[in-house]
1. Give the order of Ser131, Ser10, Ser122 when sorted by the count of other beta carbons within 10 angstrom, beginning with the fewest.
2. Could you tell me how far the Cα centroid of the range 124-146 sits from the Cα centroid of the range 1-23, in Å?
3. Students often get this wrong, so check it: of Lys26/Lys80; Lys158/Lys188; Lys55/Lys119; Lys26/Lys119, which have C-alpha atoms separated by over 23 Å?
4. If you build a Gaussian network model of the chain, linking Cα atoms that sit under 10 Å apart, which residue out of Ala45, Ala109, Ala28 swings the most?
5. Averaging over every viewing direction, what projected area does the convex hull of the Cα atoms of the range 31-121 cover, in nm²?
6. Which of (i) 40, 16, 14; (ii) 29, 20, 15; (iii) 37, 24, 17 is the computed semi-axes √(5λ) of the Cα gyration tensor in Å for the structure on display?
7. Only counting other Cβ atoms within 10 Å, I'd like Lys132, Lys103 sorted with the fewest neighbours first.
Amino acid sequence: MILIDEILISDEIINEYFVCNLSACKGACCWEGDWGAPLQEEEVAILNDIMDVVKPYLPERSQELLEVSGPTAYYEELEKDGTNLHQDGSCVFLAYDQLGIAKCGIEQAYRDGKINFRKPISCHLYPIRVSKNEDIGFEAMNYDRWEICSAACDLGEKEKVPLYQFAREAIERAYGKDFYEELESVAKHIKEEN
């Protein structure tokens, strides 16, 4: 483990290779799993505020679910809020492009300049997952290894892109540019020693 700014970082984030390969997985992380994307407290309010702007980017069934249940749900197992899910497990913000690849309706609205919120930070950081305990001030970044991402691991290995580099934009969004630069410096130092 590495410690930067009181945040523990798994060695895997430096040592493992990863590049999303959407042509292989079709964005399965948006419809697989038991819970919606974990949300920070302020993101719950943001999703409620932008729901009507994002709706046109979504299929009719998602628009209907948003009307009935809203954009978020509380997941007791996680003890936190996450994005709402359809009964089949797919995210309420899931849309598909012409090739059948999952796309985020929130991110599409962001790219079109309709909103200034890109998507939940947990989605942006994935496959990095952040664990927090506010009571003791503990925070850790871990690699969430999942078989649906095996093609991303293969592509990352082929292109020699470490996970932290793949997630650079998201890490900078979550923790700032200085944090990322320190992480990169530590990673280079570790690689040189090995």
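Every read-out reported here was derived from the displayed coordinates using simple, explicitly stated rules and does not represent laboratory data. Bear in mind that the values here come from a model prediction, so they are computed numbers and not experimental data. Backbone-built Cβ (ideal geometry, glycine too); neighbour counts: all protein chains shown.
1. Numbers: Ser131 11, Ser10 18, Ser122 21.
The order, fewest Cβ neighbours first, is Ser131, Ser10, Ser122.
2. Taking the Cα centre of the range 124-146 as reference, the centre of the range 1-23 is 10 Å away.
3. Values: Lys26/Lys80 27 Å; Lys158/Lys188 19 Å; Lys55/Lys119 14 Å; Lys26/Lys119 18 Å.
Beyond 23 Å between Cα atoms: Lys26/Lys80.
4. Top of the fluctuation ranking is Ala45.
5. Average of the hull's projected areas for the range 31-121 equals 5.7 nm².
6. This structure yields the entry labelled (ii).
7. Working: Lys132 14, Lys103 18.
Neighbour counts put them in this order, fewest first: Lys132, Lys103.
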